Amino acid sequence: MDDFLVHLVDVQLYHRKSLTLSEINLSISPGEFVYLIGKTGSGKTTLLRSLYGDIPVNEGEIKVAGFDLRKLTQRKTPYLRRKLGIIFQDFQLLTDRSVKDNLLFVMKATGWKNKQLIDLRIEEVLKMVSLEGKAYKMPHELSGGEQQKVVIARALINDPLVIIADEPTGNLDPDISDEIINLLHNIKKDGVAVIMATHDYRLIEKFPSRIIKVEDNKVAEFN
């Protein structure tokens, strides 16, 4: 079990007291890229939210990045999330702050204090996502693809063990989508596990990897 960054055994997930997903058995190793597919409303987002402690798990066994989520208290949830990078479709950037200040907001919230180390890390992650020289740009001055790269930089800021991405290319054109997925596939080379929900089968064909399908309240390997 300790070999897995994500490990679920017989997990049941509920949304508003209604059973959404049952008997989930899923293991994801370091450096693994997993696509999560399924119809809208099938429970993909519910599954992803359970992994970062946003939905409580009361049945089964679930461990993520070394944390037992059945024992996770509200006080310890921020410590879990420091081990995770979360990427949303709708960016969720602070529109009144520069790229650097968006990253700084997360860093201060997760305990960074040394200004020299902060500046160095911001420079590193912006270089990783090819946004050198954009630190003082405002979100509205960036293209959609560049904004999503800022979101990825924000997800990488704490050197996470697991990246959780919910439809990260949903609002982007194909060329930019390819660039984003290529970036995420490169991240896994550092031993990071990447779990990405998507409806874009073109991307799956172009960048093949393991596929998990959510259907009929179940989660299963898709071949």
State all residues of region 1-34 that are in contact with a strand residue (DSSP E or B) (Cβ under 6 Å, 6 or more places away or on another chain), of a type in the set (S, T, N, Q) and either part of a loop (DSSP other than H, G, I, E, B) or closer than 21 Å to Pro208 by Cα (or both); if no residue qualifies, say none. Ser27
Consider only pairs whose beta carbons are under 6 Å apart and that are at least six residues apart or on different chains; among these, list those whose first residue lies in region 40-65 and is in contact (Cβ under 8 Å) with a residue 24 or more places away in the chain and whose second residue is of a type in the set (Lys, Arg) and in a loop (DSSP other than H, G, I, E, B). Ala65/Lys83
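Yes/no matrix, rows are residues, columns are (1) within 19 Å of Phe91 (Cβ to Cβ); (2) more than 18 Å from the chain's Cα centre (by Cα):
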site: Pro139; (1), (2): yes, yes
site: Ala155; (1), (2): yes, no
site: Val162; (1), (2): no, no
site: Glu179; (1), (2): yes, no
site: Ile212; (1), (2): no, no
If Phe222 satisfies every condition in (1) surrounded by fewer than 19 Cβ atoms within 10 Å (Cβ to Cβ); (2) at pLDDT below 90; (3) under 16 Å from the mean Cα position of the chain (by Cα) but one, which is the exception? (3)
Output for Cβ contacts, cut-off 8 Å, separation at least six or different chains, first residue in contact (Cβ under 8 Å) with a residue 40 or more places away in the chain in region 138-154, second in a loop (DSSP other than H, G, I, E, B) and of a type in the set (Gly, Ala, Ser), reads Met138/Ser98
Region 141-151, subset surrounded by 22 or more Cβ atoms within 10 Å (Cβ to Cβ) and among the hydrophobic types (A, V, I, L, M, F, W, C), residue nearest to Ile195 (Cα to Cα): Val151
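Considering every residue within region 35-50, establish whether at least one is assigned to a loop (DSSP other than H, G, I, E, B) and within 15 Å of the chain's Cα centre (by Cα). Quick ask: steps written out before the conclusion?
Start the filter on region 35-50 by keeping residues that are assigned to a loop (DSSP other than H, G, I, E, B), which leaves 38-43.
With the extra rule that they be within 15 Å of the chain's Cα centre (by Cα), the set shrinks to none.
No, that holds for no residue.
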Give the residues of region 55-86 that are assigned to a loop (DSSP other than H, G, I, E, B) and either under 19 Å from Asn158 (Cα atoms) or of a type in the set (Val, Ile, Thr) (or both), sorted by residue number. Ile55, Val57, Ala65, Gly66, Thr73, Arg75, Lys76, Lys83
Looking at Tyr201 and the list (1) surrounded by fewer than 16 Cβ atoms within 10 Å (Cβ to Cβ); (2) under 18 Å from the mean Cα position of the chain (by Cα); (3) within 20 Å of Leu48 (Cβ to Cβ); (4) not aliphatic (A, V, I, L, M), which single condition is not satisfied? (2)
Pick from region 164-177 the residues that are touching a residue at least 12 places away in the same chain (Cβ under 8 Å) and in a helix (DSSP H, G or I): which of them is farthest from the chain's Cα centre (by Cα)? Pro174
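The values are calculated or read from the model by the stated rules, or taken from the named source; none is laboratory data. Note that the structure is a prediction, hence the values are computed from the model and not measured. Note that we place each Cβ from the backbone using ideal geometry, even for glycine, and neighbour counts take in every protein chain shown.
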